[in-house]
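The values are calculated or read from the model by the stated rules, or taken from the named source; none is laboratory data. From a predicted model like this one, the values you see are computed outputs, not experimental measurements. Quick reminder, even Gly has a Cβ in these numbers, built from the backbone with ideal geometry, and neighbours come from all protein chains shown.
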Amino acid sequence: MSDLVLASHNAKKLSELQALLAPLGWRLRSVAEFDREAPEETASTFVENALLKARHATRVSGLPALADDSGFEVDALAGAPGVYSARYAGAQGDDAANNDKLLAALAGVPEARRGARFICVLALLRHVNDPVPLLAQGEWRGRILHAPRGTEGFGYNPVFLDPESGLSAAELSSEQKNARSHRAKAMQQLLEKLRG
């Protein structure tokens, strides 16, 4: 089993990605084992932020690193909150506040304009100076609900309607989510690149 460091302190993200990597025999470890501080996400794109986090994780751990930079883009808000998704309402990672702010911003917006997508960019670096990092991207399109539904997952899952199932992302089981999410699609693309 090979160790790979995930450039995140998010235990739920670690669990979700570990389930996707398990078939390859990789053990995913959190960067929190090596460093309590997360690098500041100063870039304006998901790709640049993923690379910034991956370089930090491989620097502090000495191991290959996988970084995920994900976000939520809403059509009626011209793609906001985008790279600021985790801190949309101010404090980093306050999911309830982020969802409340989003629903308030969309008050009165008709169904036809409530389209949205989750975006995930994965960056895999073999070492800190890896000149050719592997990059993969996935997206999951759906709609914004008028009120939160469900208790599974994290982030914007309770307000995101998956069109295929008719359920919010927070109402899907882990297995269902891992079959269709933005992260699952990005991971599938990454695994194809690794096998190739």
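Some points to look at:
- Count - residues of the stretch 17-30 that are modelled with pLDDT of 80 or more and under 19 Å from PHE46 (Cβ atoms): 1
- Residue in the stretch 157-180 that is of a type in the set (Ser, Thr, Tyr), buried (at least 18 other Cβ atoms within 10 Å of the Cβ), within 22 Å of ASN10 (Cβ to Cβ) and in contact (Cβ under 8 Å) with a residue 40 or more places away in the chain present: no
- Extreme residue, surrounded by the most Cβ atoms within 10 Å (Cβ to Cβ), among residues of the stretch 1-46 that are in a loop (DSSP other than H, G, I, E, B) and among the small types (Gly, Ala, Ser): ALA7
- Pairs, first more than 21 Å from TRP140 (Cα to Cα) and surrounded by 15 or more Cβ atoms within 10 Å (Cβ to Cβ) in the stretch 88-117, second of a type in the set (Lys, Arg) and at pLDDT 95 or above, C-beta under 8 Å, six or more apart: ALA89/LYS101
- Count of the stretch 47-87 residues which are of a type in the set (Gly, Ala, Ser) and either assigned to a helix (DSSP H, G or I) or surrounded by 20 or more Cβ atoms within 10 Å (Cβ to Cβ) (or both): 11
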